[in-house]
Amino acid sequence: MKVLQSLSLREKWILAFVGVAILSRLIVHIPNVTAVTATALFAGRFFQRKSFGFAVPILVMAITDLFLGFYTISVFVYAALLGVVAIGQWAKRISVWSVLASSVLFFVLTNFGVWVLGYPKTWEGLVACYTAAIPFFRASLIGDFAFAGILVFSFRLIERRVLAKA
């Protein structure tokens, strides 16, 4: 509770955005069209406390995974999200390039996990794994760009209309 009390109004709004976006995993959605990657990028970019940028998306993912179930590649998913947060912290702003880099990083790391855990450990197995994942990548790109736009636009609106007056 002390952590929440120590948050600035801006950080509380960021936390709310991250929480709502990742909790959207719990509603029925088109496969791989989720707010997860965009939210990690958003958290990395907008949390001024770097530790919050890393902790919040992972915490919310872990909480939602309690309901959805953990899976064999969870460690790869969480590692990819930490990488996306790092991209958000490095980027000057959320742009086409930072969203694309985040999407590619998430795709590469999570599908590497799929290959390690479920495909033959051969060049052919690696190629087959990534080839099979291409349709999912298209859907992820749609979700990543759409949700990144929604998050940034909405937060900028809150900054102008609410936070600027506080």
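The values are calculated or read from the model by the stated rules, or taken from the named source; none is laboratory data. None of the values given here were measured: they were computed from a predicted structure. Neighbour counts are summed over all protein chains in view; Cβ atoms, including those assigned to glycine, are modelled from backbone coordinates with ideal geometry.
Among the residues of the stretch 62-77, those identified as surrounded by 12 or more Cβ atoms within 10 Å (Cβ to Cβ) and in contact with a helix residue (DSSP H, G or I) (Cβ under 6 Å, 6 or more places away or on another chain) are THR64, ILE73, PHE76, VAL77.
Is it the case that THR110 is β-branched (Val, Ile, Thr), within 18 Å of ALA139 (Cβ to Cβ), buried (at least 17 other Cβ atoms within 10 Å of the Cβ) and free of Cβ contacts under 8 Å to residues at least 40 places away in the same chain? It is true that THR110 is β-branched (Val, Ile, Thr), within 18 Å of ALA139 (Cβ to Cβ), buried (at least 17 other Cβ atoms within 10 Å of the Cβ) and free of Cβ contacts under 8 Å to residues at least 40 places away in the same chain. In the condition set (1) surrounded by 18 or more Cβ atoms within 10 Å (Cβ to Cβ); (2) within 25 Å of GLU11 (Cβ to Cβ), SER103 is compliant with all but (2).
Of the residues making up the stretch 127-136, those that are surrounded by fewer than 17 Cβ atoms within 10 Å (Cβ to Cβ) and within 23 Å of THR39 (Cβ to Cβ) are PRO135, PHE136.
Among the helices (runs of 4 or more DSSP H) confined to the stretch 1-46, the ones with at least 2 residues that are at pLDDT below 80 and surrounded by 12 or more Cβ atoms within 10 Å (Cβ to Cβ) are located at 9-23. Here LEU117 does not qualify as without any contact (Cβ under 8 Å) to a residue 24 or more places away in the chain, loosely packed, with under 15 Cβ neighbours inside 10 Å and in a helix (DSSP H, G or I).
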